[in-house]
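First the structure, in the form of structure tokens, and then the observations on it.
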Amino acid sequence: MMRLLIRALFGSPIDRRILALAKRAPDHPTPFEDFGASPRIRDEGLVREARAMIDGGWARWGHRLETLRPPIPWTGARGSFDLSLAGLEPMTILIPAWETSRDDVLFEAIVDFATDWIESHPIVKETPTRRTIATIARSRDTSTWNDMVTGRRLHVLAYVLDMIARRGGRTSGTIGTYITAVEFHHRLLAHPRHFNTQSNHGLYQVLGQLAAARRLEADLHHGRWVRLAERRLSRLLRTQVFPSGVHKEHTPAYQYMVMGTLVGAAGSGLIRAPEQRRLIAAMQDVLADMIAPDGNLVPIGDGDPRPMRWTPAKTEALSDPGLRHVLTGGKVGTPRPEGVRAYLREGWAFARMTPPGLPQGPQTTAYLAQTCGYHSEIHKQADHLAFVWYDRGCEILTDPGRWGYGARTPPRSDLHRAGFRFSDPRRIYVEETRAHNCVEIDGRSDRRGPRHRFGSALVDAKNVAGVAVMRSDLAREQGPRQRRTLIMVPGLALLVIDRLESRVEHSAIQWFKFAPGWRLDLADGNVIGRRPSDAGTGPTLAVIDCMAERHRRPRLHFGDTDPELNGWLSDAPNNMVPATSLAVPATPGRETHFATLFVWAEGLLSVRSDLSTDLVRGSFELHTINMTTSLTFDTTTQNMIVSLTQKII
């Protein structure tokens, strides 16, 4: 009775909130917070793109929405596309375009699109019960209520509510519906079962909630949601990013995405704590290491090939001058010193080096990146100790990409227990050990799961006398111990040494994944590769198995489909192209040794190698038409010894 009396005198809570919003000044709302991996330049080009999308549609992840005009087909078994659509992602283009142009057509398109989502999901129009929230929280893997999607959608809905309240012309019923929908999302995100602490999804939940709550804090009394989001943000940054700035999800693609999101959040005023801003600056420094000399993001792990060339204007929000210099090709910022960087705790090593006497640049600088970390199952492929190599202006050894996600494997299936979470054969292939520059043991991929984590296997990485040396040591829970040494001589060669030791006999294959376009020929056990741009007359690459007397004949795989996929690479979401894989099989045993040399072979006459039995010491002598190159190494001590001499004949 008392509730009815209070409501009669003062109106319902929703009515009071409508009145509060109606008192807002009819000026422009706080600018839409930009959480994109790279900032959008708000210019006439963006406005034209947004206008064209209304009737021309929106494409993502290999699928297309034909028009943004309702009714919208919100679901359709389209995997990541459905997730992006449910997160109202097209609005992240239309809203900045409207803020730039104040175009009424864009305004109506934004409101109609967001309203259609609400009308298509009437559950958000009613004040939710605890049971309703708990039920949905348990179903966060669906496209509609995916954890990350919920946060991103709340971000847009709160903005649209702010727009229509300030602009007028909408009924109090419409505003009330938006208030209820926004509150519904806040309550769902607050539920512990819905909050994802294990991956970057939690970050997008938190930032979406924080942006929405700050925007409407005064009028809708959303201070509690602000405080909740701030606490969670602090927790996520502590647990998902190393103090060095390395993100823990095993791939440069997510380093880039999360860093860009945090830069945008800080620029929008959502992240204010000095220690958090320092961490974001450190993430920028790390990302600069993950960009190859040709300006492309290093394709290791769950990521698609991505060019990283920005205009100077796009880099203005960045605080790291080295990253700005890399992204703009030297137009702004400060050049980064060359050399080798090792993140020992994190499990990453990077080398960027130019041969003496040559200017730094994409055609002359050599680059080597290795991943040696396993900190969680999030985006971790079966790629233990994998690496990529770039030299003489082109990518040589690469990674197989991501393909996509899609349908999941059954929880108790053999694939799921081995660490494969998605069932598409193409997705399974790009995760497998044999698709990477790795050693495959007993014909199986390295298993993944909490008990198989090893933290970091990186021992050290150094520049020794102008030569990059990376050493790693992986003691598997099951299977042989593997010690890998990578030795890169810029502009000349790469040596890959693997030593495997076990108490029982194992078979092993050393796999190498060549970048698309490389042409490889196999004759008499020798492998010769030609650069993608060659017409057959340019430099060639010789691949020499220095332990050939202990190994079986090498094999080449290119676009194989039978009996299984092999020799493929995903160059874009949901797309595969042939890319040669080289297999170097060893004779089974308790101890297995590999020493594979990749050397530029123009004028190459002979190669002589002398390696110790355990491969920790050795020497190579390369004879070409006009030069003799000698390389000796000793990795038995902490201070590695490497000597490189070249003599012109």
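The values are calculated or read from the model by the stated rules, or taken from the named source; none is laboratory data. This one's a predicted model, so the numbers in the text were calculated from it and none came from an experiment. Here the Cβ is made from the backbone with ideal geometry for all residues, glycine too, and neighbour counts use every protein chain on show. Side chains are part of the model used for accessible areas, which takes the heavy atoms of the whole protein and leaves out ligands, DNA and RNA. Shrake-Rupley method; radii C 1.70, N 1.55, O 1.52, S 1.80 Å.
Looking only at residues that are in a loop (DSSP other than H, G, I, E, B) and under 25 Å from D498 (Cβ atoms) in the range 365-376, which one is least open to solvent (accessible area, probe 1.4 Å)?
By that ranking, first place goes to C372.
Among I487, I509, I497, which is the only one that is outside any loop (DSSP other than H, G, I, E, B), open to solvent by 20 Å² or more (accessible area, probe 1.4 Å) and within 21 Å of L582 (Cβ to Cβ)?
After ruling out the rest, the residue left standing is I509.
Looking at the structure I just gave you, is G559 over 23 Å from P425 (Cβ atoms) and not β-branched (V, I, T)?
Answer is no for this residue.
Could you run through the range 44-62 and say how many residues are open to solvent by 70 Å² or more (accessible area, probe 1.4 Å) and within 28 Å of the chain's Cα centre (by Cα)?
Total meeting the criteria: 3.
Within the range 520-527, can one find any residue that is part of a strand (DSSP E or B), open to solvent by 60 Å² or more (accessible area, probe 1.4 Å) and closer than 20 Å to I625 by Cβ?
Yes, there is a match, as at least one residue in the range 520-527 is part of a strand (DSSP E or B), open to solvent by 60 Å² or more (accessible area, probe 1.4 Å) and closer than 20 Å to I625 by Cβ.
Got a sec? Which strands (runs of 3 or more DSSP E) wholly within the range 416-483 have at least 3 residues that are surrounded by fewer than 17 Cβ atoms within 10 Å (Cβ to Cβ) and out of contact with any His (no Cβ under 6 Å at 6 or more places or on another chain)?
none
For L210, only one of the following conditions fails: (1) in contact with an Asp or Glu (Cβ under 9 Å, 6 or more places away or on another chain); (2) over 26 Å from S376 (Cβ atoms). What is its number?
Of everything listed in (1) in contact with an Asp or Glu (Cβ under 9 Å, 6 or more places away or on another chain); (2) over 26 Å from S376 (Cβ atoms), L210 misses just condition (2).
So, restricting to strands (runs of 3 or more DSSP E) that lie completely within the range 529-648, which ones have at least 1 residues that are open to solvent by 20 Å² or more (accessible area, probe 1.4 Å)?
Here the list reads 540-545, 555-557, 568-572, 575-578, 589-600, 604-611, 617-624, 627-634, 641-648.
Of the residues that make up the range 205-213, is at least one surrounded by fewer than 21 Cβ atoms within 10 Å (Cβ to Cβ) and either over 19 Å from A266 (Cα atoms) or touching a Leu at 6+ places or on another chain (Cβ under 8 Å) (or both)?
no
May I ask you to list the residues in the range 397-413 that are at pLDDT 95 or above and not in a loop (DSSP other than H, G, I, E, B)?
Result: L397, single match.
Scan the range 317-341 for residues that are closer than 25 Å to V263 by Cβ and touching a residue at least 60 places away in the same chain (Cβ under 8 Å) and jot them down.
Within the range 317-341, A317, R341 meet the criteria.
Which one is farthest from L615 (Cα to Cα), of the residues in the range 512-562 that are modelled with pLDDT of 90 or more, among the aliphatic types (A, V, I, L, M) and out of contact with any Cys (no Cβ under 8 Å at 6 or more places or on another chain)?
L520
Say whether the condition of being modelled with pLDDT of 95 or more, on the phi > 0 side of the Ramachandran plot and open to solvent by 30 Å² or more (accessible area, probe 1.4 Å) is met by at least one residue in the range 314-322.
Looking for residues that are modelled with pLDDT of 95 or more, on the phi > 0 side of the Ramachandran plot and open to solvent by 30 Å² or more (accessible area, probe 1.4 Å), one finds none in the range 314-322, hence no.
Looking only at residues in the range 117-150 that are touching a His at 6+ places or on another chain (Cβ under 8 Å) and in a helix (DSSP H, G or I), which one is surrounded by the fewest Cβ atoms within 10 Å (Cβ to Cβ)?
Per the stated criteria, the residue is A134.
Taking the range 368-387 on its own, how many of its residues are farther than 22 Å from N574 by Cβ and either touching a Phe, Trp or Tyr at 6+ places or on another chain (Cβ under 9 Å) or of a type outside the set (F, W, Y) (or both)?
Looking only at that region, the number is 13.
List every residue pair whose Cβ atoms sit under 7 Å apart, with the two residues 6 or more apart in sequence or on different chains, where the first one lies in the range 375-396 and is modelled with pLDDT of 95 or more and the second, anywhere, is open to solvent by less than 20 Å² (accessible area, probe 1.4 Å) and basic (K, R).
Matching pairs, first to second residue: K380/R448; A382/R448; L385/R484.
Go through the range 45-74 and count every residue that is in contact (Cβ under 8 Å) with a residue 24 or more places away in the chain and assigned to a helix (DSSP H, G or I).
Residues in the range 45-74 being in contact (Cβ under 8 Å) with a residue 24 or more places away in the chain and assigned to a helix (DSSP H, G or I): 7 in total.
Report, by residue number, each residue of the range 75-99 that is open to solvent by 30 Å² or more (accessible area, probe 1.4 Å), at pLDDT 95 or above and not in a loop (DSSP other than H, G, I, E, B).
T92
Looking at P362, P355, which one is open to solvent by 50 Å² or more (accessible area, probe 1.4 Å) and in a loop (DSSP other than H, G, I, E, B)?
P362
What residue, of G223, G202, is open to solvent by less than 10 Å² (accessible area, probe 1.4 Å) and more than 27 Å from P122 (Cβ to Cβ)?
Answer to the check: G202.
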